[in-house]
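S.K.: Here it is: the structure, laid out below.
The values are calculated or read from the model by the stated rules, or taken from the named source; none is laboratory data. Just so we're clear, the structure is a prediction, and the values are computed from it rather than from any experiment. Cβ sites come from the backbone with ideal geometry, for glycine too, and all protein chains shown count toward neighbours. Just the protein is used for accessible areas: all its heavy atoms, side chains included, with ligands, DNA and RNA removed. Shrake-Rupley method; radii C 1.70, N 1.55, O 1.52, S 1.80 Å.
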Amino acid sequence: METSVKVQDMFSYSLMPIYIVAGAMVLVLLIILLRILLKNRKKKTAKKNTPVVVTKPIAVRGNVSKADYLNKLEQLKLQYQQGECSVRDAYQRMSAIIRGFVEEATGIKVPNYTLQDIKELKMPVLEELIEEYYSPEFERESEGDVITSIDKTRGAIERWN
């Protein structure tokens with residue numbers, strides 16, 4: 001018995017939908033890759049412009065009053081000894097005091113700088129102090145010897161040229 005219906009080959013279908021889906025996937029991956037590359041490029045350019053690098057020693061400006069900052073440290077010491085501020089608060093205020101002093105003395109906006117930016121300034125005294133403050137300032141449980149740190153900060157301000 002003969003029929004007029006012809007049997008189709010196995011798996012005969014159009015390849016066009018597969019090409020469309022594969023092309024769409026490649027396009028999406030390219031867009032994601034392009035966004036990542038542009039984002040990293042913006043971060044690198046922004047990071048390069050942030051810190052001020054000091055190549056020569058910075059002289060203290062004439063209008064800096066070391067006595068004002070030493071007085072602030074003494075007030076902080078008294079408040080800490082009387083229990084009016086916590087360890088974390090004392091270290092945060094010490095950081096603000098030394099940063100304010102350095103900004104007034106040099107004109108560099110140190111209060112806006114991270115520890116890494118301060119390291120790039122090549123100011124070892126400031127770097128050492130800020131590094132000491134970081135742990136008690138930002139850890140969950142603040143621990144530190146506030147009185148010793150205040151004395152170190154006082155010494156740094158007194159010796160600052």
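Residues are listed down the side, and each one gets a yes or a no for (1) part of a loop (DSSP other than H, G, I, E, B); (2) modelled with pLDDT of 90 or more:
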residue: Gly23; (1), (2): no, yes
residue: Ile32; (1), (2): no, yes
residue: Lys43; (1), (2): no, no
residue: Pro51; (1), (2): yes, no
residue: Val54; (1), (2): yes, no
residue: Pro57; (1), (2): yes, no
residue: Leu76; (1), (2): no, yes
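S.K.: Could you give every pair whose Cβ atoms fall below 9 Å, whose first residue belongs to region 141-155 and is within 13 Å of Lys77 (Cβ to Cβ), and whose second residue is surrounded by fewer than 17 Cβ atoms within 10 Å (Cβ to Cβ) and of a type in the set (A, V, I, L, M), counting only separations of at least 6 or pairs across chains?
M.R.: Here the result reads Arg154/Leu70, each pair linking region 141-155 to a residue that is surrounded by fewer than 17 Cβ atoms within 10 Å (Cβ to Cβ) and of a type in the set (A, V, I, L, M).
S.K.: Sort out which residues of region 152-161 are outside any loop (DSSP other than H, G, I, E, B) and open to solvent by 70 Å² or more (accessible area, probe 1.4 Å), and write them in order of number.
M.R.: Lys152, Glu158, Arg159
S.K.: Follow-up question, since we're still on this one. May I ask you to say which residue of Glu127, Glu143, Glu132 is open to solvent by 90 Å² or more (accessible area, probe 1.4 Å) and out of contact with any His (no Cβ under 6 Å at 6 or more places or on another chain)?
M.R.: Glu143
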